[in-house]
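Everything on this sheet refers to the single structure shown next.
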Amino acid sequence: MIDISEKFQKTDYLIRSKIMLGSTLLNSGFYKEAFDITGEIDTGRLSNALKTDFLFLRARLNAGIAEYDNDAYFSRSYYKQSEDDFKNAEIVTPSNDFEKTINLAFLPDSVKHMKLTPDFFYNVIIGRHLPEHSIAMVATRISYAYTGYDRIGFLALAAINDIRSSTKETLAIFLLGQELFKLDKTNDAYIFLQEAARNAKFYGARNRAVQIESMLPLVAGKMIDEKQHEKDKLLIGFLTFLIVAVILFFLLVIYRRQILRIKANELMIKGKNSELESVNGKLWESSKIKEELIGLFFKTCSSYIEMLDKIKHKTLHNIKLGKYKDVNLILNNVHIEEEKGNLYNMLDTVFLTMFPNFIASFNALLKKEDQIWPKSGETLNATLRIFALIRLGINEHEAIAKILDYSVSTVYTYKMRIKSRALVPANDFEQKIMEIKFIDSNHH
């Protein structure tokens with residue numbers, strides 16, 4: 001474009017083309033070449049529009065190299081020249097209403113009116129229906145007036161519109177990455193700075209690439225530290241969980257052992273209680289049987305003593321009178337077998353009062369054809385009486401024989417005969433007899 005403008009001697013087109021070349025060199029980081037171009041431009045005969053564009057270019061160039069140098073001594077003079085050029089551009093072409101409104105964002109906070117909030121400037125930008133690239137440029141400029149999340153809002157708007165307008169100049173997304181890094185949004189900052197680096201490489205902006213490359217290692221290092229910290233936290237959390245799990249496991253094992261021990265003790269206690277109940281039952285039963293038998297014994301003995309006393313008096317009286325025949329008559333009236341039968345009947349009655357189910361329970365242990373039932377008028381017969389005494393706890397053959405006036409061999413024969421016919425093993429028969437229930441008639 002410069003060659004064609006010179007060929008056809010179009011001065012305005014020539015200067016416009018040089019300003020455009022200077023802007024491209026500036027954006028690409030060719031500061032020396034950009035200064036050479038601005039030095040070639042004769043500013044004496046420029047139109048106001050071109051002069052303003054020239055001053056803006058030179059102002060941006062001085063600000064760019066000041067930022068690139070980043071040196072307290074040299075950068076100061078570049079920033080001063082940049083400021084002077086911006087002021088001169090304002091004199092040549094005063095700001096329009098829109099530009100004046102944008103400049104209000106840079107008023108000191110104490111001067112700003114309450115309505116000049118970030119929302120106000122956002123609505124101004126959107127309400128103007130500017131092209132995407134213009135929105136990106138204005139939003140980037142306003143972002144410098146704010147800090148924190150307000151600045152991030154404008155930079156995000158600028159970055160979005162750079163994408164929409166396919167602009168790879170990278171400033172907005174680079175600044176957005178910087179701000180996010182300041183706010184410890186390291187992952188997001190790293191993503192945006194990587195995109196900025198790709199844009200700078202695509203665009204060829206060497207100065208921006210240098211800035212980004214100096215920033216990326218810091219962000220990456222912090223991100224690695226954060227990830228390592230997260231890993232450490234995860235490892236500590238896992239180890240803590242493992243330790244707690246091991247402790248809980250051992251506690252569970254101890255608890256389970258205690259539970260098993262308690263259950264074993266409970267079973268043992270239940271067993272002992274059952275044994276005690278059984279022993280208490282047997283003691284109570286034995287006590288009641290003894291009570292009944294002792295009562296029977298004293299009643300019977302008292303009856304016989306009274307009878308013997310009467311016989312004695314009658315006999316002595318008749319002997320004194322010499323009535324020996326009457327003595328013989330009195331003695332002949334004493335029927336021992338009958339009295340023995342009465343004694344057995346009394347014993348049977350008392351026994352069946354205590355064990356009313358004895359006969360039925362006894363026969364339940366025998367086959368139907370071998371069962372032994374008392375005859376009509378009988379309470380117990382000889383066989384039943386032997387096992388009734390066994391149920392009362394009298395096991396010795398001699399004792400049973402004496403009570404029933406049998407020989408020992410007779411008692412033994414009766415027992416063996418019944419045991420041989422029993423439905424249960426012979427060795428268990430007497431135990432089954434002992435299990436026949438005692439019923440306390442007074443209690444029930």
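The values are calculated or read from the model by the stated rules, or taken from the named source; none is laboratory data. All values reported here derive from a predicted model rather than from experimental measurement. In this analysis, Cβ positions are derived from the backbone assuming ideal geometry, glycine residues included, and neighbour counts consider all displayed protein chains.
Brief remarks on what is shown
- Screening the candidates 142, 135, 152, 125 for the property of being outside the structural domain of residue 86 (by TED's automatic domain parsing), out of contact with any strand residue (DSSP E or B) (no Cβ under 9 Å at 6 or more places or on another chain) and in contact (Cβ under 8 Å) with a residue 40 or more places away in the chain yields one hit, 142.
- Which numbered condition residue 56 fails, given (1) in contact (Cβ under 8 Å) with a residue 60 or more places away in the chain; (2) within 18 Å of residue 93 (Cβ to Cβ): (1)
- Selection from the range 412-428 of residues that are surrounded by 12 or more Cβ atoms within 10 Å (Cβ to Cβ) and of a type in the set (Gly, Ala, Ser): 422, 426
- One residue from 53, 71, 97 being closer than 23 Å to residue 143 by Cα and modelled with pLDDT under 90: 97
- Single match in 87, 112 (criterion: surrounded by fewer than 16 Cβ atoms within 10 Å (Cβ to Cβ), without any contact (Cβ under 8 Å) to a residue 12 or more places away in the chain and part of a helix (DSSP H, G or I)): 87
- Listed by position, the helices (runs of 4 or more DSSP H) enclosed by the range 363-444 that each have at least 2 residues that are farther than 15 Å from residue 352 by Cβ and under 60 Å from the mean Cα position of the chain (by Cα) are 426-434.
- Helices (runs of 4 or more DSSP H) fully within the range 2-54 that include at least 1 residues being closer than 30 Å to residue 212 by Cβ: 11-28, 31-40.
- Annotation: residue 46 fulfils all but one of (1) farther than 23 Å from residue 207 by Cβ; (2) surrounded by fewer than 17 Cβ atoms within 10 Å (Cβ to Cβ); the unmet one is (2).
- Residue count for the range 352-389, restricted to those that are of a type in the set (Ser, Thr, Tyr) and within 19 Å of residue 426 (Cβ to Cβ): 2
- For residue 57, the test of being outside any helix (DSSP H, G or I) and either outside the structural domain of residue 160 (by TED's automatic domain parsing) or surrounded by 14 or more Cβ atoms within 10 Å (Cβ to Cβ) (or both) is failed.
- Restricting the first member to the range 182-210 and to residues that are in contact (Cβ under 8 Å) with a residue 40 or more places away in the chain, and the second to residues that are outside any helix (DSSP H, G or I), the beta-carbon pairs closer than 6 Å and six or more apart or on different chains are 203/168; 205/29; 206/29; 207/29; 208/170.
- Some residue of the range 163-171 being surrounded by 17 or more Cβ atoms within 10 Å (Cβ to Cβ), in a loop (DSSP other than H, G, I, E, B), modelled with pLDDT under 80 and out of contact with any His (no Cβ under 8 Å at 6 or more places or on another chain): yes
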